[in-house]
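Encoded as structure tokens, the structure appears first; notes follow it.
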Amino acid sequence: MTGTRFAPEHDRPIAYMQRTRDWYLALGYGNPYVWAHYTDAPFQRLAKPLARSRVALITTAAPWQPDKGDQGPGAAYNAAAKFFSVYSGDTSADHDLRIAHVAIDRKHTSMEDSGTWFPLPALRRAAAQGMVGLPRRFHGAPTNRSQQHTLDVDCPEILARCVEDEADAALLVPNCPVCHQTVSLIARHLEANGIPTVVMGCAKDIVEHCGVPRFLFSDFPLGNSAGRPHDPESQAFTLELALRVLESAPGPRTTVHSPLRWSGSSDWKLDYSNPERLSAEEIRRMREESERARETARAIREDRLIA
């Protein structure tokens with residue numbers, strides 16, 4: 001048919017599992033990571049109307065630590081800023097949470113507007129408008145490559161805190177690829193224990209591979225699960241859509257694709273962890289940076305174990 005214009009072949013959700021596998025192989029690492037995979041998913045319906053439901057916010061963003069180096073806009077990966085235990089914060093107060101510790105899309109994510117990864121202010125506004133209730137605390141989930149540690153330690157701890165706060169449901173917001181796996185495992189655990197959930201994220205393949213009850217997918221660069229930066233309307237729309245999915249999903253493994261687009265061009269999808277776009281020298285430098293980050297994270301873990 002003449003005049004028909006199809007979208008570019010690459011303008012589809014990034015295959016993050018394959019992309020990160022190819023990336024680490026290009027850096028010289030063998031034994032590719034095996035992602036968590038389930039074919040089913042637990043599912044709980046809201047026990048009361050959304051407006052009377054207290055929705056807990058679960059984030060993988062890290063509290064700013066002024067003694068841990070650069071964590072601001074444009075910061076490089078900072079393993080020292082990583083956290084390893086569940087933490088909680090007062091939902092009535094503002095918090096400085098950052099994402100310099102994760103493998104977000106640093107080329108296309110500004111890291112300037114925390115509303116794109118930590119929608120607590122938007123949730124407070126929604127609560128003030130009577131759309132939803134808000135528990136007294138939000139919770140931070142550490143990003144562990146060890147799925148067993150997440151399942152055995154972090155999932156039960158977050159469940160216990162949600163139960164203590166009498167949360168009726170949970171909204172989970174990840175950042176990096178492993179963050180998406182972490183919150184997916186937590187969502188499954190909460191749902192299996194009676195708490196309905198919705199994941200609001202950008203890595204469609206990872207979340208669906210794990211299998212979650214409800215998922216709002218935004219086709220944005222990693223680090224923007226809650227909307228576009230400096231775009232309050234985008235952030236409010238994304239939160240409202242996630243709450244609608246929480247309320248109306250017909251059954252488990254429901255994915256809703258947000259209609260919002262990141263920009264007029266889809267070329268950003270070609271950049272993330274793509275060794276074909278880097279020189280041999282750039283790949284060598286990134287391998288060295290990766291090794292330094294691993295050593296820093298290993299030292300922090302060992303110090304915590306000794307303490």
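Under a model in which nothing but the beta-carbon of Lys, Arg (+1) and Asp, Glu (-1) is charged, the chain shows a dipole of about 380 debye around its Cα centre. Modelled spin-label separation between ASP271 and GLU233, with each label point placed 7 Å from Cα along the Cα-to-Cβ direction: 2.5 nm. Per-residue extension of 0.36 nm, minus the Cα-Cα distance of TYR33 and ALA47, leaves a gain of 1.3 nm for this segment. Residue order by solvent-accessible surface for VAL163, VAL207 is VAL163, VAL207, largest first, with ligands and nucleic acids left out and a 1.4 Å probe. One equal scatterer on each Cα of region 1-120, no solvent, Debye formula: the resulting log10 I(q)/I(0) at q = 0.12 Å⁻¹ is -0.75. Comparing mean-square fluctuations of GLU295, GLU166, GLU247 from a GNM of the chain with C-alpha springs under 10 Å, the top value falls on GLU295.
Ordered by 1.4 Å accessible area with all protein chains kept, HIS149, HIS257, HIS139 run largest first as HIS257, HIS149, HIS139. Counting only DSSP beta bridges whose two residues both lie in the chain, roughly 25 percent are antiparallel. Close Lys pairs in the chain, defined as Cα atoms under 23 Å apart and 8 or more places apart or on different chains, number 6.
Applying the criteria of a DSSP loop state and at most 14 other Cβ atoms within 10 Å to the trypsin sites (Lys or Arg not before Pro) of region 213-269 yields ARG261. Modelled this way, with points 7 Å down the Cα-to-C-beta line, the labels at SER248 and ARG287 are 5.1 nm from one another.
For the chain, the calculated P(r) over all alpha carbon pairs, in 20 Å bins from 0 to the bin holding the longest distance, is 34, 58, 8, 0 percent.
Applying the criteria of a DSSP loop state and at most 13 other Cβ atoms within 10 Å to the trypsin sites (Lys or Arg not before Pro) of region 1-44 yields ARG5.
What are the trypsin sites (Lys or Arg not before Pro) within region 79-122 that DSSP puts in a loop, where the Cβ has at most 15 other Cβ atoms within 10 Å? Loop-located and lightly packed - LYS107.
Legend: residues SER53, SER279, SER92, sorted from most to least accessible area (1.4 Å probe; ligands, DNA and RNA excluded), read SER92, SER279, SER53. The stretch between ALA76 and HIS149, if pulled fully straight at 0.36 nm per residue, gains 23.6 nm over its current Cα-Cα span.
The values are calculated or read from the model by the stated rules, or taken from the named source; none is laboratory data. Quantities reported herein were computed from a predicted structural model and do not represent experimental measurements. All Cβ positions, even for glycine, are placed from backbone atoms using ideal geometry, and neighbour counts span all protein chains on display. Note: accessible area is taken over every heavy atom of the protein model, side chains too, but ligands, DNA and RNA are not part of it. Shrake-Rupley method; radii C 1.70, N 1.55, O 1.52, S 1.80 Å.
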